[in-house]
Amino acid sequence: MKNLILSTFLFISLLSKGQNKAIDSVLNKYTSGEIPYISVDSLSKYKNAILLDAREIEEYNVSHLKNAIHIGYLNPDFIKLKSIDKTKNIVVYCSIGIRSEEIAIKLKNKGFNKVYNLYGGIFAWKDSGYAVFDIRENETHKVHTFSKKWSEYLNTGDKVY
């Protein structure tokens, strides 16, 4: 029994390590690294960041991080940020970190000084055991994965695409 538990733990550890490598590979391929990353664990301990969701409204409505402001990607709504102090810490996220980097670069170009990209996005957040919320602000297990292909990068939750 002890060996079964240990084997299961090791399998899950290896599975999550492979998942991180897959996300590493995608982020290395599709992002420039111009915006510094913040890890899920670091963000979970930091309570004063302004969270911006760079996914489309359909994705945001299914699930988002608590208190996140939807800004979008294809037609980002920067008007929502007019009242935000440009020296505040801003964390932008999307599914895994590609679209959010593009929005974060635009924010930086608009004069926001402390902009970060959530490494692994909402997928890493959910896979790390943190809660996500639907449009009614109720906790949900659903995560919009953008597409069937992208759903491969999410290990936990109910995948919606």
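For region 134-161, which positions are surrounded by 17 or more Cβ atoms within 10 Å (Cβ to Cβ), part of a strand (DSSP E or B) and either hydrophobic (A, V, I, L, M, F, W, C) or under 11 Å from the mean Cα position of the chain (by Cα) (or both)?
The one that is surrounded by 17 or more Cβ atoms within 10 Å (Cβ to Cβ), part of a strand (DSSP E or B) and either hydrophobic (A, V, I, L, M, F, W, C) or under 11 Å from the mean Cα position of the chain (by Cα) (or both): 143.
Just to be sure before I move on: is residue 62 of a type in the set (Val, Ile, Thr), modelled with pLDDT of 95 or more and in contact with a helix residue (DSSP H, G or I) (Cβ under 6 Å, 6 or more places away or on another chain) in the structure I sent?
no
Within region 25-40, how many residues turn out to be within 15 Å of the chain's Cα centre (by Cα) and surrounded by 12 or more Cβ atoms within 10 Å (Cβ to Cβ)?
Looking only at that region, the number is 8.
Output the residues belonging to region 51-101 that are among the hydrophobic types (A, V, I, L, M, F, W, C), assigned to a loop (DSSP other than H, G, I, E, B) and more than 26 Å from residue 24 (Cα to Cα).
Within region 51-101, just 84 meets the criteria.
Just checking, how many residues over region 94-107 are surrounded by fewer than 22 Cβ atoms within 10 Å (Cβ to Cβ) and either aliphatic (A, V, I, L, M) or touching a Lys or Arg at 6+ places or on another chain (Cβ under 6 Å) (or both)?
2
So, in region 30-41, exactly how many residues are closer than 9 Å to residue 119 by Cβ and either not aromatic (Phe, Trp, Tyr) or not in a strand (DSSP E or B) (or both)?
The qualifying residues number 3.
Table: residues versus (1) in contact with a strand residue (DSSP E or B) (Cβ under 9 Å, 6 or more places away or on another chain); (2) under 19 Å from residue 153 (Cβ atoms); (3) β-branched (Val, Ile, Thr).
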| residue | (1), (2), (3) |
| --- | --- |
| 47 | no, no, no |
| 53 | yes, yes, no |
| 58 | yes, yes, no |
| 61 | yes, no, no |
| 64 | yes, yes, no |
| 75 | no, no, no |
| 95 | yes, yes, no |
| 105 | yes, no, yes |
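List the number of the failed condition for residue 91; all other conditions in (1) surrounded by fewer than 16 Cβ atoms within 10 Å (Cβ to Cβ); (2) modelled with pLDDT of 95 or more hold.
Every condition holds for residue 91 apart from (1).
For region 108-119, which residues satisfy the criterion of being farther than 16 Å from residue 60 by Cα and either surrounded by fewer than 23 Cβ atoms within 10 Å (Cβ to Cβ) or under 11 Å from the mean Cα position of the chain (by Cα) (or both)?
Within region 108-119, 108, 109, 110, 111, 112, 113, 114, 116, 117, 119 meet the criteria.
The values are calculated or read from the model by the stated rules, or taken from the named source; none is laboratory data. Fair warning: this is a prediction, and the values are worked out from it, not measured in the lab. Note: ideal-geometry Cβ built from the backbone for every residue, glycine included; neighbour counts use all protein chains shown.
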